[in-house]
Structure formats: C-alpha cells, structure tokens
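Shown next, in structure tokens, is the structure this report addresses.
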Amino acid sequence: MRVDVNKSKKFFVDTEFTDQCTKTLISIGIASLDGNCFYAESSDYRIEQRSSFVKKYVLPRLAEAGTLETESAIGQRLSQWIASFQGRQRLAYNHSTDIELVYCYCTDQAAGQRI
C-alpha cells in the first residue's frame, strides 16, 4: 500500500531518558502540527541512573512530583492516545531512542498497526 505523505498525520516526538546505557524514560512529549499533544513524566526511573546532563538540564524543567506516572500508566495512556487518530501517522524524532521508547511504551496493537 502506498501512503500519501501529504495526508498522513505528522507527529514530533521528544523524550528525555536517564543515560545512554540504561535509556530509562524520564519524560515523553509528542505534538502534531494541528496542536494535538501528549506529555508524561515517569516515576519509575532510578535516581542513580541519571546522567550529569539530565541532572543539570532536564530535571529542573520537569513538572511537579504530583504529575508523575508509572511506566504502565504511561503505556496505557499513550496507546489510547495514538489509537484515537484515524489513518496513518508519521513520526519525526531527533534521536533513535525517542522512537524506541514510543514503541516500548505502546502496546503491540497500537504501535505495530497505527504508526
């Protein structure tokens, strides 16, 4: 099947993760050109895994602790959010870990068939 890229919904993905070795999710943000947004911050990473970059530049910009979610809750909410869009989606990302984490947190049903 040929996809008309002009009719595909385009999303931009950015994640923050602990470090290059463990790549444990800290936060994920996805936005479309028409203003649909998804954002979540994880409560499931270990403090000792954070890199110096994350400590200095990422953590000061995160939301309050009351908005943290478990990996399971993020995965469920992200899968539902992606499944809510009709047609095919195109994802733009800056780092290969961004897309790896999207697929990791989505269920196989949503990730494999919708993106």
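Only the coordinates and a few stated rules stand behind these numbers; no lab work does. The structure displayed is predicted, hence computed values, not measured ones. Ideal geometry is used to build each Cβ from the backbone, glycine not excepted, and the neighbour counts take in all protein chains shown.
Yes or no, residue by residue, for (1) surrounded by 16 or more Cβ atoms within 10 Å (Cβ to Cβ); (2) in contact (Cβ under 8 Å) with a residue 12 or more places away in the chain:
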{"position": "LEU68", "(1), (2)": "yes, yes"}
{"position": "GLU71", "(1), (2)": "yes, yes"}
{"position": "ILE74", "(1), (2)": "yes, yes"}
{"position": "LEU78", "(1), (2)": "yes, yes"}
{"position": "TRP81", "(1), (2)": "yes, yes"}
{"position": "SER84", "(1), (2)": "no, no"}
{"position": "GLN89", "(1), (2)": "no, yes"}
{"position": "LEU101", "(1), (2)": "yes, yes"}
{"position": "TYR105", "(1), (2)": "yes, yes"}
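Pairing residues of region 37-56 that are in contact (Cβ under 8 Å) with a residue 40 or more places away in the chain with residues that are not small (Gly, Ala, Ser) and not in a strand (DSSP E or B), at Cβ distances under 6 Å and at least 6 apart in sequence or on separate chains, gives PHE38/TRP81. Filter region 39-60 down to residues that are polar (S, T, N, Q) and part of a loop (DSSP other than H, G, I, E, B) and give me whichever is farthest from ILE74 (Cα to Cα). Only one residue tops the list, namely SER51.
Of all residues in region 13-38, exactly one satisfies the criterion of being assigned to a strand (DSSP E or B) and farther than 17 Å from ILE99 by Cβ, namely CYS37.
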